[in-house]
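Asker: Dropping the structure in here first, questions after.
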Amino acid sequence: MTNDTSAPPAQEKPGLKRAVGTWLLFAFIVGDTLGAGIYTLVGTMSKDVGGVIWLPLLIALVVALLTAGTYAELITKYPHAGGAARYVDKAFGRPFLSFLIGFLMMASGITTAAALANAFAGDYFAALFNLPPIPVALGFIVVLTLINLRGVKESLAANMVASMIEVTGLIIIIVIAGIVFGSGGGEPSRIFEFAPDVAPLQGAFAASIVAFFSFLGFEAAANMAEEVKNPTRSYPRALFGAILTAAVVYLLIAVGAVIVVDPNVLGASSAPLLEVVKASGAALPPWLFSVIALIAIANGALLFMVMASRVGYGLAESGLLPHAFGKVLPKRQTPWVSIIVVAGVTMLLSVIGDIGTLANTTVLLLLLVFISANVSVLVLKKDKVEHSHFSVPRIVPILAIIASIVLLTQQEGPVWLGTAVYVVVGAVLFFFARAGRRRGDRKIAERTGAIPTVGGR
């Protein structure tokens, strides 16, 4: 970009201000990737691999880096907001396919929020209050919905504070585990002990699905494409740096947790990191760490509900969802119909689903999105642009597709069924919206007198 302050040509629409540098982008992606899932999913992974939690994390890291390579090329080649749906549209020009990718993104946000609602109502909350989990989860979703309805400014302000608390909680676990290990405590040998009742390879791939959930978030960086200074240089550095940073944090937590706490105890708890605090004998009160974890979980759930409701609004504004999803509150200007629908589906899923199944469903949804992005980058290799951009060898997206398919084969029937329901519902809404647009076009044509020239439509 130049420093020219003259008015743009009349035919050009001014873009967003490019004010985000490499370090700020790095911080954004790290904040998105270091999510609340790790507070719960260490235990879920332990059920499949025992103490070898680091292995599925490494497998998930490889898949994330491969797909990140694809995103780095697409984002720097087409530095515009929109993400995977935009790339699919550019590659194939099929409105329904583009809609489906956007809808799957929306669905992933809803499913993640439901998983985190159940995590919120689990053992972390039970350390503070003795209340039934379902009412707690539903009440939690209602509170987040009210915040969402109030406005995105309030939501993002709360996110900044919560993110700092969230990262602090992870650092606390790493420090506690380091102190225990350094003083000769714990059982380091457990990090090489697989679960006795699961085949090692089978368990590692099964757990890698859950592990991949913890790396999700880097793809959201595509939505900042128009606001990054020198994206060709900044994006790859920030993207790969953030993923590797998150990987180091996750691996330290996984290894530390297993050293301090028996994997069977971790696997039986929905608050595995709280078990680390308790077992370490640290001066930190367990209730205080529970509060930190609950803030982290609430922060993640809020962000995903905000994202899902805005995707729904955007699809409605594009005419791809029924126009009702685009209705906003007069004063707050928040998409209230989309927010309410997201909240209702989140409540339903939190009641009928468990944390592991919901997390796996999110992964399946986003693996389909990532496959679409990887196929798109291969198709768009032949498309030449005037500016320089990051480029990956063709083998990278090919390997990413293969790795994604391998992870898809590990998904169970209920997860596939849930995804199929999403696809069917999305298709119905899409064709309903299209029919509504045609009715609207006919009414306009009737008013303008153009309808007689259109035969049979």
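Asker: Helix 231-260 against the longest principal axis of the chain: what's the angle in degrees, Cα atoms only, rounded to the nearest 10?
Answerer: Compared with the principal axis, the helix lies near 30 degrees.
Asker: If the chain between residue 435 and residue 395 were fully stretched, how many nm would it gain, using 0.36 nm times the residue separation less the Cα-Cα distance?
Answerer: On the way: separation 40, 0.36 × 40 = 14.40 nm, distance 4.15 nm.
Taking residue 435 through residue 395 to full extension adds about 10.2 nm, to one decimal.
Asker: Moving on to the next point. Please list, by residue number, every one of the trypsin sites (Lys or Arg not before Pro) in the stretch 379-424 that is coil in DSSP and has at most 15 other beta-carbon atoms within 10 Å.
Answerer: Hits after loop and neighbour filter: 384, 394.
Asker: Further, regarding this structure: Fewest first, what order do 367, 321, 251 take by the number of other Cβ atoms within 10 Å?
Answerer: Sorted ascending by nearby Cβ count, the order is 251, 367, 321.
Asker: Could you work out how much longer the chain between residue 58 and residue 317 gets when fully extended? Use 0.36 nm per residue separation minus the Cα distance between them, nm to one decimal.
Answerer: In short, 89.2 nm is gained.
Asker: Further question: For the stretch 291-421, take every pair of Cα atoms, bin their distances at 10 Å starting from 0, and report each bin as a whole percent.
Answerer: Bin by bin from 0 Å, the calculated values are 10, 27, 31, 25, 7, 0.
Asker: Here's a follow-up. Calculate, for residue 421 and residue 183, the FRET efficiency according to 1/(1 + (r/R0)^6) with r their C-beta to C-beta distance and R0 60 Å; round to the nearest 0.05.
Answerer: According to the calculation, E is roughly 0.70.
Asker: For the chain, take the longest principal axis of its alpha carbons; what is the angle in degrees between that and the long axis of helix 355-379, to the nearest 10 within 0 to 90?
Answerer: The answer is roughly 50 degrees.
Asker: Another one. With each pseudo-label sitting 7 Å past Cα toward Cβ, what's the residue 161-residue 268 distance in nm, one decimal?
Answerer: Going by the 7 Å Cα→Cβ label model, 3.8 nm.
Asker: Using only C-alpha positions, report the orientation-averaged shadow area of the convex hull of the stretch 222-315, nm², one decimal.
Answerer: Result: 8.8 nm².
Asker: For helix 395-409, what angle does its Cα long axis make with the longest principal axis of the chain, in degrees from 0 to 90 and rounded to 10?
Answerer: For 395-409 against the chain, the angle is about 70 degrees.
Asker: Right, here's the next one. Could you estimate the translational diffusion coefficient of the stretch 22-438 from the Stokes-Einstein equation, with Rh from the Kirkwood formula over C-alpha pairs, at 4 °C and 1.567 mPa s, in whole µm²/s?
Answerer: Answer from the Stokes-Einstein relation: 60 µm²/s.
Asker: By how many nm would the segment from residue 202 to residue 24 lengthen if fully extended, with 0.36 nm per residue of separation less the alpha-carbon distance? Before the final figure, lay out each step's value.
Answerer: Working: separation 178, 0.36 × 178 = 64.08 nm, distance 3.91 nm.
Here the segment from residue 202 to residue 24 would lengthen by 60.2 nm.
Asker: Using mean Cβ contacts within 10 Å as the protection proxy, how do 284-292, 105-113, 271-279, 54-62 order, highest first? Mind dumping the intermediate values first?
Answerer: Values: 284-292: 16.9, 105-113: 27.7, 271-279: 24.6, 54-62: 21.6.
Ranking the peptides 284-292, 105-113, 271-279, 54-62 by packing returns 105-113, 271-279, 54-62, 284-292.
Asker: Relative contact order, percent, of the stretch 242-336 when contacts are C-alpha pairs under 8 Å separated by at least 6 residues?
Answerer: RCO, the stretch 242-336: 12 percent.
Asker: In Å, what Kirkwood hydrodynamic radius results for the stretch 265-330 from the alpha-carbon pair distances?
Answerer: Radius from the Kirkwood sum: 14.9 Å.
Asker: Here is a follow-up. Quickly work out the residue 171-to-residue 138 label distance, labels modelled 7 Å from Cα along the C-beta direction, and quote it in nm with one decimal.
Answerer: 4.0 nm
Read the figures in this text as sums done on the coordinates, not as results from a lab. This structure is a prediction, so every number in the text was calculated from the model and none was measured. All Cβ positions, even for glycine, are placed from backbone atoms using ideal geometry, and neighbour counts span all protein chains on display.
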